[in-house]
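Report on the following structure.
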Amino acid sequence: MSLFKNVSTLLLLLLLAFGISACGDVSDDELSEPVVSEADSWPYPNVKGGDVQGEKNFAYLVNNHLVGKASPTPWAGFWWPYGGNGIAAGKYTGGLSPAGKYDAARGGRTHAQSWEVANHGSAVPKIQPWWGHCNGWSAAAALFEEPRSNVTVNGIEFNVADLKALLTEAAMEVSADFFGDRVDWGSDYSSPKLYDTVPDQYFLVLTNYMGRLKQSVLIDRYTTDQVWNQPVPGYQFEYPKPSDYLGADPQAPNVYRILMTSTIYWARDDVTPEVLTVPFNFEANEHFESRVLKMELWLDGPVVFGPDGKVQSSGNLIVTRQGDFFVGGAWKMGDGAYSDAWPDYMWVPYSVLKPTEYANPWLDMDWIRKHLLVPGGADDPSVNARPVEPAPSVRPSPSSSPSGSPNPWPFPTWTPTPRPTSFPTGGPTAGPTFDPIPLPTAGPTSGPRPTFGPAPGPTTPAPRPTGGPISPPRPIPTRPR
Amino acid sequence: MKIFCALSIVFLVSAMSGLTGADAMADPDERELYSKALSIAQGKVLRDRAAAANRPGALSTSSSALLFGRPYQKGDSWDLAVWRLNQTQEMLRPAPTLAASELRDPIVAESGLFRFKVIQVSQDAAPVIEIEVTQLRQAGFSLIDPAVERILISGDGNFHPLKKQYFIKNRPEPFSVSPNGIRKVKSLIDFLPIDFIPLDNAVREELRYPPRLPPAIREFAAKTGFKPDLSRSVWLEQDDFFGRPIQALWEHGDPWPSYIKTPHGIALLVRKGAL
C-alpha cells in the first residue's frame, strides 16, 4: 500500500505538472459540403419512425442489433478550454473568436465574447486547467450534422471552426436522458457510483438507442473521477458462442449468464477546431478511438442456441437495483483497467435548451439555426454588422502545482480511500420485500396500517455495489478540484 | 503536453495493473459482491414472475383499486404539480456555493400543473383506465409545452401503461407514442412523471421520513400544505426500462401517488376529488 501511495503521489505530481485536461488537445485537416441543421426544434412530427417501445429480449437484440451506427455520424471536435477563453479564443481562427464574430454579425447587440471570457474563460476565478466544453461538443456532435463549409452572414465569414464552436457552446445545456451516476472523486471509488453503468444497461442503451433508432449515444469514457464526454458513432458486439453461455448460477437459479465482448468507438476532441471528420467505418484512426469491453450479461430466462450456432431464444436482460446498488451483469475487464474500463455514465441528448446559468446566454439557437446553419449562410436584415472585436488576450493560467495551494472549490481534498475489508458494508439493515405487493385491502379510512419490509426510504445509505468478477479499484490520485 | 498526458496515463494504468494482478474472482470480497448482485437479480425475476402469475383480471381487485380504496370511475379527477429535473452528470459545476454533496443534485427546471381526469373505465376482460391529462395555466404555473393541448394515457388496473397519445393544437389527429418508449426526439413534457407506474411488481417499503425535496419544491410544498400522512402511505420503488429508479409515495385513499420521482422529474399531488 505504501508503495502504491508513493507511486500515486508521483503520478499526481506528474499529471498536474503537465496539466492533464478532461477534453483534449489539437491536430489538423481539410473541408467542403453543406451545413445541415438539427432536426426541428418541435419534436412530435419527428417522432414518427423515431419512437420504439423498449426491447429487452437478448435473442432479438443480439440477432438484429449486434452492430449499431449513429446517423448522422457525430463529428470530431475541440473542447475549447476555459484556460484559452473558451469560444472567445482567437488562437484557432485567425485572431478573431467565434463569439466575437457572432457578436459582430448580430450588430453588437449581443455580448457573447465578453460573457465567455468572464464565465468560460481565463478570467474565471480559480480556474483549473482541465475545465472545458467537452460536454457541449459531445452533445453538439450528436445533435447537429457536422459543419463542413464556411458561411457568411451580414458580411462576417464564419469558418468551420467558428460554426463548431458556436454549436458547442449552444449545446452546453441540452435536454438528455442519463444512465449511470458520475464518479467525482476518490471516495467514490468505493461507492456504487463506480460500477454503473452496469453491463445490461450498457447493452440496452446501445442496442435500443443506436441499434434500433440510429441515435447518437454519449459516454463519459473515463470510468473513474475525470470526465471525458465523448460521442459514440458506433458499437459492435461479437456474436456469442455456445461456450460463452454460463447458464444459471446455483445461488440464483433464475438468472442466466452469458459472456459478451464489445468494441465501442468515440469521436476525438483533440483535433484542430476546423477539422473535417473522416467517414466512420468501425475503425480507430485520427478522428475516432475505440475500446474493447468484456462483460457478463444477465437474463431472466435461458439462452437456447440452434444447431447453426445462432441464438434461437432467450430471456430478457435484467436491470434492477437495491437503493443505489445497480444490478445487471458483471464487468470482466480484468485487473488494472479501472479508468479505461466501462463508461462512467452514458447519455442521450435530445435538444438544446434555452441557456440558464451554464451556457452562454447571448447565443440564440434559433438565430444560429436560421442564419448560420443554412448553406452559405443567410443575412439578418434586422441588424447592421459591426466590425469584429479582436479576441481578448488570455490571462496567465494559475499554477497547477498541488503543493501548498488550497482546495479552491468545495471538493474534498483527495485522500486515498482504504480498500474495504469486506463487502457489502453499510447497506440497509434488511432488503426490500420481493413478493408481489400485498396491498392494503380496506378503504381509505378503515385500512390498517400495512406492515412493510424494514427498508427505509430514499435517504437510506446505499449498500455496496457488485462488481462481479472484477477487482474493486484501488485509489488512484485525483486532480485537486 | 499531449505526449506527457498520454505517458502519464499509461504509467498510471501500468502501475495499477502491477499492483492488482491477482485473479479477481479469487478475491472473497468480489465473490461476495457478485453473489449479492445475483441475489438481487434473482429477487427481481421472482418478483416479476409472481406479479404476472397473480395479476387479477378485475379492476376491483387490482393494485390501484386497493390503494385508491375503490376502482376508478369516470369523472375522478386530481391535479399534479410537476417539475422537470436537469441531470448534471455531464456538467462542470464549479459553483462555490454548492456543498460537495450537492454537486450532482439535479437542477430544478421547468414546472407545470397538470389536471388528470378519468374519461373512461373499461370493465372488460382486459380492464383499461383512460385518463386525460391537461396542462393548466394556474397558480403561477405556465405551460411547459404550449403546443400540447392534452395527453391521453391509458393503463391497466395494475398501472402498466398501455397507450399514450398527444393531442397537438391545430392538428386534427392525435399523435401516438409508445408509452415509456424510446424516442429520437423528446419534448420537455416527455420527461415529466405523468405516466402510469407499474405497481404490482414494485418493491414496497416503509417510509419513516418524508422524501427529501429540492429547496425550490420544498418551498412550494410548505406553502401549499403538502404533507402526506406517512402512517397511511406506502413507499413504492420501481425500475424504469433501463433500471433507473422510479419512486412513489401513495397515501391510502388517494387517487394517485402523493409524490413521484423519476430520473427526470418530481410530481406532487396537490388536489384530489371531484371538481
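Structure data summary
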read-out	value
Distance (nanometres) between label positions extended 7 Å along Cα→Cβ at residue A:395 and residue B:162	6.2 nm
Sequence-distant residues sharing a close amide H with residue A:321 (under 5 Å, placed H)	A:327
Shape call, the stretch A:125-244: gyration tensor on alpha carbons, a/c limit 1.5	oblate
Of all accessible heavy-atom area on the stretch A:81-178, the percent that carbon and sulfur account for (1.4 Å)	49 percent
Accessible-area value, residue B:131, 1.4 Å probe, nucleic acids and ligands omitted, Å²	0 Å²
Rounded, prolate or oblate (a/c below 1.5 giving rounded, otherwise prolate when a/b exceeds b/c) for the stretch B:149-227 by Cα gyration tensor	oblate
Test item: B:43-53 mean partner chain Cβ contacts at 10 Å	6
Exceeding the 31 Å Cα-Cα cut-off - candidates A:241/B:163; A:294/A:354; B:36/B:261; B:44/B:261; A:214/B:164; A:214/A:241	A:241/B:163; A:294/A:354
Accessible area of the stretch B:213-275 belonging to carbon and sulfur atoms, whole % at 1.4 Å probe	58 percent
Net length gained if the chain between residue A:285 and residue A:357 were fully extended (0.36 nm per residue, minus Cα distance)	22.3 nm
Carbon plus sulfur fraction of accessible area for the stretch B:128-168, probe 1.4 Å, in percent	47 percent
Reach of residue B:227 by Cα under 18 Å, taken over aspartates and glutamates that are not fewer than 8 positions away in the same chain	B:79, B:206, B:219, B:251, B:254
Model label zone, residue B:105; criterion: amide N under 16 Å from point 7 Å along Cα-to-beta-carbon; scope the stretch B:231-275	B:265-266
Chains A and B, summed buried accessible surface - 1.4 Å probe, Å², nearest 100	10800 Å²
Residue A:312-residue B:216 pseudo-label distance in nm [points 7 Å out on the Cα-to-Cβ vector]	5.5 nm
Protection proxy ranking, peptides A:103-111, B:150-158, average beta carbon neighbours within 10 Å, highest first	B:150-158, A:103-111
Residue B:184 accessible area, 1.4 Å probe, all protein chains in place, Å² to nearest 10	60 Å²
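The values are calculated or read from the model by the stated rules, or taken from the named source; none is laboratory data. For clarity, every value in this text was computed on a predicted model and none was experimentally measured. FYI the Cβ positions are ideal-geometry reconstructions off the backbone, even for glycines, and counts take in every protein chain you see. Note: areas computed on protein heavy atoms with side chains; ligands, DNA, RNA excluded. Shrake-Rupley method; radii C 1.70, N 1.55, O 1.52, S 1.80 Å.
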